[in-house]
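Readers should treat all values here as calculations from the given coordinates under stated rules, not as data from a laboratory. Remember, it's a predicted structure, so these values are computed and weren't measured experimentally. We place every Cβ from the backbone using ideal geometry, glycine too, and count neighbours over all the protein chains shown.
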Amino acid sequence: MIRSMTGFASAKGAYGSFQWNWELRGVNAKGLDMRLRAPDWLEGLEAALRAEIGKAVSRGNVTLSLRLARIEAGAEVSLNRAALSSVLDALGEVEAEAARRKIPLAPSRATDLIALRGVMEVGSGDEDPAPLVTQLKAEFPALLESFVEMRETEGRALEEILRDQLSRIATLTTKAAELAEARRPQMAATLRANLARVLENADGAEPDRVAQELALLSVKADVTEEIDRLGAHVDAARALLDQGGAVGRKLDFLMQEFNREANTLCSKAQNAELTAAGLDLKALIDQMREQVQNVE
């Protein structure tokens with residue numbers, strides 16, 4: 001089974017005087033890019049979460065957000081004036097640039113500003129954060145499992161699409177082979193005409209050079225190799241889907257090979273129907289490549 005790189009999971013929890021919200025999101029990427037947002041004072045948490053994600057996910061842009069709030073009555077809440085000043089300075093620059101470009105912006109609200117990370121600080125007093133970190137670590141695997149399950153669900157749907165596209169590519173490849181066979185009389189006549197032109201201008205030419213020219217004419221008209229390779233690529237792609245796991249990179253490379261053979265087929269076609277089949281192949285390969293971009 002393959003996985004999609006798209007996924008989402010969220011969860012809520014509470015422990016002692018704290019409550020929190022988790023959000024875990026994933027989109028496609030060339031490699032594994034993790035972006036974690038968690039309170040800095042929870043020592044050791046981020047490293048542990050990175051390790052867990054790295055074990056479960058091999059590719060994708062993964063963003064984890066942990067929003068933590070203290071719910072104890074009377075907890076000390078203070079305004080970080082330095083952080084607020086930086087936010088207001090940045091906001092002023094944004095509004096000035098928007099005004100210069102005549103881009104309307106909605107009025108900023110105080111609630112939006114204090115919700116930004118670092119502007120408001122909840123005092124944790126002398127409370128040891130270690131038990132809280134332990135609790136968060138214990139809850140994270142369930143969130144990660146939910147995230148992976150969604151990627152697997154998306155992957156199953158993606159696999160159906162890819163297998164259907166491979167079947168259509170195989171059908172078009174068979175059609176191209178039939179068209180190539182049907183055009184043989186036409187190509188034989190064209191080759192004879194080209195051969196005659198070569199021989200007419202071969203006086204005084206070296207026999208090896210004449211043989212090379214004749215061979216080149218033959219190669220330019222033969223699409224057998226391209227059709228065979230397209231069939232082999234279909235088999236290879238199906239084998240990767242059967243294998244499952246993190247095969248996205250290999251599938252992406254294979255799509256480049258598909259595209260290369262389809263391009264060469266079109267350039268060698270010298271026949272309207274075969275060219276049309278080659279263009280249909282190219283369009284379908286492009287569609288499949290877009291889907292492959294989401295495979296882990």
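Here the peptides 97-103, 227-233 are ranked by packing, the mean other Cβ count within 10 Å, and the order with the highest first is 227-233, 97-103.
The calculated FRET efficiency for the pair Ala82 and Leu32, based on their C-beta separation and a Förster distance of 45 Å, comes to about 0.85. In this entry, the chain is assigned a mean projected area of 25.5 nm², taken as a quarter of its C-alpha convex hull surface.
Modelled this way, with points 7 Å down the Cα-to-C-beta line, the labels at Asn61 and Asp286 are 2.3 nm from one another.
Think of the chain as a dipole: +1 on every Lys or Arg Cβ, -1 on every Asp or Glu Cβ, centred on the Cα centre; then among Ala236, Met34, Gln270, Gln270 lies furthest on the positive end. Working ranking of peptides 154-167, 283-296 by packing, defined as the average number of other Cβ atoms within 10 Å per residue, highest first, is 283-296, 154-167. Going by neighbour counts of Cβ atoms within 10 Å, the residues Phe18, Phe8, Phe253, Phe147 line up, fewest first, as Phe253, Phe8, Phe18, Phe147. Residue separation of Ala196 and Glu160 scaled by 0.36 nm, minus their Cα-Cα distance, works out to 7.8 nm of gained length. Long hydrophobic helices in the chain: the complete DSSP H runs spanning 15 Å or more by Cα along their own axis with mean Kyte-Doolittle hydropathy of at least -0.5 are 45-56, 81-100, 130-182, 184-200, 207-221, 224-243, 272-292. The stretch between Ile103 and Lys12, if pulled fully straight at 0.36 nm per residue, gains 29.0 nm over its current Cα-Cα span.
Taking the number of Cβ atoms within 10 Å of each Cβ as an exposure proxy, the fewest-first ranking of Val62, Val119, Val94 is Val94, Val119, Val62. Global size of the range 99-172: 24.4, 71 Å for Rg and Dmax (C-alpha atoms, Rg to one decimal, Dmax whole).
Placing unit charges on the Cβ atoms of the charged side chains and taking the dipole of the range 78-122 about its Cα centre, the candidate lying farthest along the positive direction among Val119, Ala83, Ala99 is Ala99.
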